[in-house]
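Trainee: This is the structure, below, for whatever I ask next.
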Amino acid sequence: MVAPALVFFFVFAIIPLGIALYLSFTKWDAISDPVWVGLANWPKVLSDPVTINALVLSLKVIVISWVVQTPISLLLGVFTAGRQRYRAVLAAIFFLPLILSSAAIGIAFKAILEPNFGLAASFGLPFLKQDWLGNQELILYVVIFIIAWQFVPFHTLLYQGGVRQIPVSLYEAAEIDGAGRLRQFWSITLPQLRYTIVTSSTLMVVGSLTYFDVIFVLTAGVPSSGIRILPIDMYVTGFSANQMGEASVMAMILVVMGLLLALAMTRLTGFSKMASQQEGL
Amino acid sequence: MSTSNVRTDGQAPVSARGQDSRSRRWPPVRVRRPGQRPNVIGGIGGFAWFFIIIIPIYYIVITSLRPQAGFYAGNQLVPPSNATLDQYVLVLKSDFLLYLANSVIVTVVSVVVTVFISIMAAYTIVRSRTRFVRSSFSLFLLGLAIPLPATIIPLFYMLTKAGLYDTLFALILPSIGFAIPLTVLILANFIRDVPNELFESMRVDGARNWRMLYSLVIPLSRPAIVTVSVYNALNVWNAFLFPLILTQSPDKRVLPLSLWTFQGQFTVNVPAVLAAVVLSTLPIFVLYIFGRRQLVSGMTAGFNK
């Protein structure tokens, strides 16, 4: 009875990877049939400054997103794990972005960031009145902010769940030993959350690598060089410039990077999904 | 009504190990728990984040109520004095209900099929004694690491060849393929916790696989089924890349894609675009109000163990 699931999974998730590999050795304009060109696409793509720029931008997005989102999610996760009524109310509001689609978020922020009559212009603060999406230096950070806006709630949830699983007895023991609140955070909360941190970070890193929707909507489908990260570069090359062969090379790069990052994150931290996750019990 | 004695409080825990039992026990067992203590840094951060979240949402809602003419005159933070639902009417008249119906069809079919075949797979993986079947668990695990955008070109190729391009099937089939790995993993972890004696006693009674599935596995894993259903539904409902690439004609359009086309169509009418945003979120928002617990636990399904 495992067959139907395996068939679906193979046909729509595994076989596409094989086809992407095949297409990466072809020249294909998305209309006629693919023509075999051997290895020609690979050196072309890998030496293209646009691709290299996309790789660098992707890595930037991954690193900065992690640095921005992790402390915020951790702080909010610990905060919302509390049982106070007002915290529950705040938490309910924090989680609202989770129900919005990426398309909705992209459209909303496009309107908000409009320099002349968007929301940013209405605060009366001159520095907010910028061409946020047009400025090639700024757009990367704008996108990172929006990613945080969209995904911090999810990671907050993970941390909230993690914190609530920490046995109360640990804190009681620490209190008897006279440990202060910060000390308890560093010596109990943080170490106890190690699996949550790994899970959250892995999802964050792989998620940032594959980020597409909001950037696409925000830039009205014509992403500028300042935010042309790998998936975007792949889309533009494949579906706008009709160079599917080259775009398939990028797809393969995405697959390899995704697998490597996921492996590295789990290996480096000595974490295996199959291991017991009964933290501290 | 409940066919089993498992928790029916709708808490939908991802594991059956009762990780949340502490939080559900009320009145509290202990007088002073860590969660009850003040947290100054967290409080400041919490309120700061509150504003970061609420201001854009507030802006979306009030702007969607502005009349199109001169919507940008004056301060955008002040609610409109001449609020109107005209933009909502305009959006509803622009085939919105068709897109809604498409979204509902794609989401319901994908989720039902995914959950049904995943529960069969999970049950088999957990109960099987053959090595091959058990090892397919690790295969699904691997599936979690496949970046979705990387498959879009080959999927476009495959579905075009199969003549399914620009049909709702082109959205449903890959959605199922991508939802299966996590769904199987979560359900398998859950079914693993069902006591072996239950299976044995049913076997003694002569029950076969289908009967076991129907009278034992499905009722017992109801919380996990709710969780994975919510998680998958949200993912499919909000998906953008698949519809963008795999469909083309307006009558196959789903909601997130319709937002994108509204944006092109109503370029200067920002209130109408934002009204479409509000309308497309409304069904999920209603669910959020009535079933926040399931929705929230569904969203972190399987990650929070």
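The values are calculated or read from the model by the stated rules, or taken from the named source; none is laboratory data. Since we're looking at a predicted model, the values are computed, not measured. So basically every Cβ, Gly included, is an ideal-geometry build from the backbone, and we count neighbours across all protein chains shown.
Trainee: Being part of a helix (DSSP H, G or I) and within 11 Å of chain B (Cβ to nearest Cβ) is the requirement here; does A:MET250 meet it?
Mentor: yes
Trainee: Sticking with this structure for a sec: Please verify whether B:VAL278 is closer than 25 Å to B:TYR88 by Cα, assigned to a helix (DSSP H, G or I), in contact (Cβ under 8 Å) with a residue 12 or more places away in the chain and facing chain A (nearest Cβ under 8 Å), treating the condition exactly as stated.
Mentor: No, not satisfied.
Trainee: A:VAL205 is checked against (1) more than 7 Å from every other protein chain (Cβ to nearest Cβ); (2) within 27 Å of A:LEU133 (Cβ to Cβ); (3) over 14 Å from the mean Cα position of the chain (by Cα) and fails just one. What number does that condition carry?
Mentor: The number of the failed condition is (3).
Trainee: Taking the condition of being in contact with a Ser or Thr (Cβ under 8 Å, 6 or more places away or on another chain) and within 7 Å of chain A (Cβ to nearest Cβ), how many residues in the range B:116-136 meet it?
Mentor: Going through the range B:116-136 one residue at a time, the tally reaches 4.
Trainee: Restrict the check to the range A:154-163 and report whether at least one residue is over 21 Å from the mean Cα position of the chain (by Cα), part of a loop (DSSP other than H, G, I, E, B) and not acidic (Asp, Glu).
Mentor: Scanning the range A:154-163 turns up no residue that is over 21 Å from the mean Cα position of the chain (by Cα), part of a loop (DSSP other than H, G, I, E, B) and not acidic (Asp, Glu).
Trainee: Restricting to the range B:166-177, give me the number of residues that are part of a helix (DSSP H, G or I) and in contact (Cβ under 8 Å) with a residue 40 or more places away in the chain.
Mentor: Number satisfying all stated conditions: 6.
Trainee: Sticking with this structure for a sec: Being out of contact with any Asp or Glu (no Cβ under 8 Å at 6 or more places or on another chain), under 26 Å from B:VAL230 (Cβ atoms) and surrounded by 14 or more Cβ atoms within 10 Å (Cβ to Cβ) narrows it down to one residue among B:SER136, B:SER64, B:SER128, B:SER94; which is it?
Mentor: The conditions single out B:SER136.
Trainee: Among the residues of the range B:36-58, are any under 32 Å from the mean Cα position of the chain (by Cα), at pLDDT below 85 and more than 24 Å from A:PRO97 (Cβ to Cβ)?
Mentor: yes
Trainee: Here's a follow-up. B:LEU259 - would you say it is over 17 Å from the mean Cα position of the chain (by Cα), within 8 Å of chain A (Cβ to nearest Cβ) and free of Cβ contacts under 8 Å to residues at least 40 places away in the same chain?
Mentor: yes
Trainee: When only residues in the range A:169-200 that are touching a helix residue (DSSP H, G or I) at 6+ places or on another chain (Cβ under 9 Å) and polar (S, T, N, Q) count, which is surrounded by the fewest Cβ atoms within 10 Å (Cβ to Cβ)?
Mentor: Per the stated criteria, the residue is A:SER187.
Trainee: Can you tell me which residue within the range A:106-145, out of those that are among the β-branched types (Val, Ile, Thr) and over 22 Å from A:ALA54 (Cβ atoms), is farthest from the chain's Cα centre (by Cα)?
Mentor: Looking at the filtered set, the residue picked out is A:ILE112.
Trainee: Please work out which residue is nearest to B:LEU234 (Cα to Cα), limiting yourself to the range A:88-109 and to residues that are more than 7 Å from every other protein chain (Cβ to nearest Cβ) and either of a type in the set (Val, Ile, Thr) or surrounded by fewer than 21 Cβ atoms within 10 Å (Cβ to Cβ) (or both).
Mentor: Filtering the range A:88-109 for residues that are more than 7 Å from every other protein chain (Cβ to nearest Cβ) and either of a type in the set (Val, Ile, Thr) or surrounded by fewer than 21 Cβ atoms within 10 Å (Cβ to Cβ) (or both), the one nearest to B:LEU234 (Cα to Cα) comes out as A:ILE105.
Trainee: Given the conditions (1) without any contact (Cβ under 8 Å) to a residue 40 or more places away in the chain; (2) under 25 Å from B:GLN294 (Cβ atoms); (3) among the β-branched types (Val, Ile, Thr), report the number of the one that B:ILE225 does not fulfil.
Mentor: If we test B:ILE225 against (1) without any contact (Cβ under 8 Å) to a residue 40 or more places away in the chain; (2) under 25 Å from B:GLN294 (Cβ atoms); (3) among the β-branched types (Val, Ile, Thr), just (1) comes out false.
Trainee: When the range A:41-75 is examined, which residues are found to be surrounded by fewer than 15 Cβ atoms within 10 Å (Cβ to Cβ) and either closer than 11 Å to A:VAL249 by Cβ or touching a residue at least 40 places away in the same chain (Cβ under 8 Å) (or both)?
Mentor: Those that are surrounded by fewer than 15 Cβ atoms within 10 Å (Cβ to Cβ) and either closer than 11 Å to A:VAL249 by Cβ or touching a residue at least 40 places away in the same chain (Cβ under 8 Å) (or both): A:PRO43, A:LEU46, A:VAL50.
Trainee: Also, I was wondering about something else. Of all residues in the range A:212-240, which are modelled with pLDDT under 90, crowded, with 18+ Cβ neighbours inside 10 Å and outside any helix (DSSP H, G or I)?
Mentor: Scanning the range A:212-240 gives A:THR219, A:PRO223.
Trainee: Looking at B:PHE132, is it on the phi < 0 side of the Ramachandran plot, in contact (Cβ under 8 Å) with a residue 24 or more places away in the chain and assigned to a helix (DSSP H, G or I)?
Mentor: For B:PHE132, the condition - on the phi < 0 side of the Ramachandran plot, in contact (Cβ under 8 Å) with a residue 24 or more places away in the chain and assigned to a helix (DSSP H, G or I) - is not met.
Trainee: Now for a different question. List pairs: first in the range B:183-212 and not assigned by TED's automatic domain parsing to the domain that holds B:THR124, second at pLDDT below 80 and not in a loop (DSSP other than H, G, I, E, B), Cβ under 6 Å, 6+ apart or cross-chain?
Mentor: none
Trainee: Is one or more of the residues making up the range B:81-97 more than 22 Å from A:ALA13 (Cα to Cα) and within 22 Å of the chain's Cα centre (by Cα)?
Mentor: yes
Trainee: Out of all the residues in the range A:216-234, is one or more of a type in the set (Lys, Arg) and more than 20 Å from the chain's Cα centre (by Cα)?
Mentor: No, there is no match, as no residue in the range A:216-234 is of a type in the set (Lys, Arg) and more than 20 Å from the chain's Cα centre (by Cα).
Trainee: Same structure again: Does A:ILE166 satisfy the condition of being buried (at least 17 other Cβ atoms within 10 Å of the Cβ) and in a loop (DSSP other than H, G, I, E, B)?
Mentor: yes
Trainee: So, one more: List, please: which pairs have Cβ atoms under 7 Å, are six or more places apart or on different chains, and start with a residue in the range B:137-165 that is within 8 Å of chain A (Cβ to nearest Cβ) and end with one that is modelled with pLDDT of 90 or more and not in a helix (DSSP H, G or I)?
Mentor: From the range B:137-165, the pairs are B:PRO149/A:PHE212.
Trainee: Turning to a different aspect of this structure: Starting from the range A:163-189, take each residue that is within 23 Å of A:SER200 (Cβ to Cβ) and modelled with pLDDT under 90 and list its partners that are part of a helix (DSSP H, G or I) and acidic (Asp, Glu), counting only C-beta distances under 9 angstrom and pairs at least six apart or across chains.
Mentor: From residues that are within 23 Å of A:SER200 (Cβ to Cβ) and modelled with pLDDT under 90, the pairs are A:GLN184/A:GLU175.
Trainee: Please state which of the following conditions B:PHE169 fails to meet, knowing it meets all the rest: (1) surrounded by fewer than 18 Cβ atoms within 10 Å (Cβ to Cβ); (2) at the interface with chain A (Cβ under 10 Å from one of its Cβ atoms); (3) under 16 Å from B:PHE242 (Cα atoms).
Mentor: (2)
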